[in-house]
Amino acid sequence: MASFAAANLSATLFTLPGFPGLEEMHQWIGILIFSSYLVATLGNCTILYVIWTEPGLHQPMYVLLPQPCFGHHHDLGLCPPTTMPTVMGVLWFQLRDISKGPCIAQLFIVHSFSFMESAVLFAMALDRFLAICYPLRYTVLLTTSRVLRIGLVLLLRSTTLLVAPMLFLLHFPYCPGATLSHSYCLHQDVIRLACTNTAFNTFYGLIVIVLTLGSDLLFILISYSLILKTVLGMTSGKEGYHKALGTCVSASAPVPGLLVQLLGLSIVHRFGQHAPPLLHVIMGNFYILLPPLMNPIIYSIKTKQIYSKILRLVSLKRV
């Protein structure tokens, strides 16, 4: 009877790994990760403060910019309530177990924010397309209230599509002694531990990725292609080409980062079964740390108003 109860208990718990082979360095790795998160938090809060206090940034385009700071799956909207506590718990306090309910709630938030980031990049591509290709109608087509409604629709899309697979995960039986690949929960990581047929989740997940991330990426590529064509049509010569290229590169700077994160982690999970466990852990931590560190730099450099305001804050000069 005791062994049966223990088996049931183990089937509802997942084991979170640390850094295999580097257990003696967990304290120092934890300090590095936590320090990176504090730097990312400071950077994203600075961007939000600048947008809030700078009247020239109270435009539809800049309504979208705070969303990567809160909506990005690694930034302020995610790390505090979800991934960072479990990562720090593993590295600093040896808290290796997480129950099924909190784990599935965590992965629901992680993937919701992943879709939300893609949606924000979609909305920003739409904004740049209208601003450059239809400048005279921009303020009519893209009002602040319309941007907020677009944001609400994209938020609902990012969450409702995940409800069905999450409900299945809650009711799946899991093999005792299940060990995850990361120090937090992801759908593709948890589903491989289920002791049942997971065809629906696998097929549904693929369809959702194609229909959401795939369609967002296609629209983004089309938008920036049309922007490039429009800018080249308005200018000529080598200078015009450089201006057009600079416009597209600046506007689309976050897109390669999203692709590298999603594709890199997906490839490791789907085709890296024989890869060293340490690779999975490193990829997982890059997945939650790199974007929040890079986003403040990208959005401040590509937006002159934000960049100049930050310089004034740093130099403590009043305008």
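The values are calculated or read from the model by the stated rules, or taken from the named source; none is laboratory data. These numbers come from a predicted model, not from an experiment. Every residue, glycine as well, gets a Cβ built from its backbone with ideal geometry; the counts of neighbours run over all protein chains shown.
So the values come out like this:
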item	result
Selection count, the range 170-207, where residues are polar (S, T, N, Q) and free of Cβ contacts under 8 Å to residues at least 12 places away in the same chain	2
Residue match in the range 202-216 (condition: closer than 26 Å to residue 279 by Cβ and touching a Ser or Thr at 6+ places or on another chain (Cβ under 9 Å))	yes
Output for the range 98-116, where each listed residue is in contact with a Ser or Thr (Cβ under 7 Å, 6 or more places away or on another chain) and under 26 Å from residue 154 (Cβ atoms)	106, 109, 110, 112, 115, 116
Inter-residue pairs, beta-carbon under 6 Å, first over 13 Å from residue 47 (Cβ atoms) and at pLDDT 70 or above and in the range 288-308, second of a type in the set (D, E, K, R) and in a helix (DSSP H, G or I), 6+ apart	none
Residues (within 19 Å of the chain's Cα centre (by Cα), surrounded by fewer than 19 Cβ atoms within 10 Å (Cβ to Cβ) and without any contact (Cβ under 8 Å) to a residue 60 or more places away in the chain) located in the range 125-154	152, 153
Selected residue [over 30 Å from residue 222 (Cα atoms), among the hydrophobic types (A, V, I, L, M, F, W, C) and touching an Asp or Glu at 6+ places or on another chain (Cβ under 7 Å)] from 180, 142, 186, 193	180
Count of the range 166-202 residues which are of a type in the set (Lys, Arg) and either under 19 Å from the mean Cα position of the chain (by Cα) or in a loop (DSSP other than H, G, I, E, B) (or both)	0
Selection count where residues are surrounded by fewer than 18 Cβ atoms within 10 Å (Cβ to Cβ), farther than 24 Å from residue 14 by Cα and of a type in the set (S, T, N, Q), scope the range 171-220	1
Conditions (1) crowded, with 17+ Cβ neighbours inside 10 Å; (2) modelled with pLDDT under 85; (3) not hydrophobic (A, V, I, L, M, F, W, C); number of the one not met by residue 235	(1)
Those residues of the range 1-35 which are polar (S, T, N, Q), part of a helix (DSSP H, G or I) and at pLDDT 85 or above, in sequence order	27, 35
Test: residue in the range 249-263 that is of a type in the set (S, T, N, Q), at pLDDT below 75, within 14 Å of residue 124 (Cα to Cα) and out of contact with any strand residue (DSSP E or B) (no Cβ under 8 Å at 6 or more places or on another chain)	yes
Test result for residue 159, β-branched (Val, Ile, Thr), surrounded by fewer than 20 Cβ atoms within 10 Å (Cβ to Cβ) and in contact (Cβ under 8 Å) with a residue 40 or more places away in the chain	yes
